[in-house]
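Accompanying notes for the structure given below.
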Amino acid sequence: MAKPNDDTGKTSETVGYPPEKLKEFEAGLYQARQRILKGYDDQKAEIDGFKGDTESDAYDDASNIVEMNILMALNDTQKKELSQIGLALLKVKDGTYGICEGCGELIGEQRLKFLPFANLCVKCKDKEERGTVVIQRDTHIVPPDEDFLVLTDSDEDF
């Protein structure tokens, strides 16, 4: 399928993964989401366990505080990953999943399997890390609000 490239009327091939491949990626995104949510529940239980400790000395308190800080930092990472997964799921729905937000080309399948919420190809990720990538507006999705991350589609289907 071709789409107009610019005002000249020239066309370029539409970039995107086929629907059956998008379904595979979608299943992987839901699995990643489930894994994060389970880890979040496990960490919450562990933090709650720290609160219930009795008869602790100063060393135990210091150790518990350090462990709680580590768990909370991981929790922030998990929240960020959930947000990225939510955005990736929106892209699956509109057919733009797997398209690099930097260059507009397909992100490699291996990269998406390893990092299912990747929004940049390897080349553009390298440029981003050096501060030289430009995000294309037509491939960038902004979430409707912060609560959509956990309240989106049911994960039971996957």
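Bear in mind that the values in this text are calculations on the coordinates, not laboratory data. Keep in mind it's a predicted model, so treat the numbers as computed, not measured. Positions of Cβ are backbone-derived with ideal geometry, glycine not excepted, and every protein chain shown enters the neighbour counts.
Net charge of the neighbourhood of Cys103, taken over other residues with C-beta under 10 Å away and scored Lys/Arg +1, Asp/Glu -1, is 0. Projecting label points 7 angstrom from Cα along Cα→Cβ for Gln136 and Leu115 puts them 1.9 nm apart.
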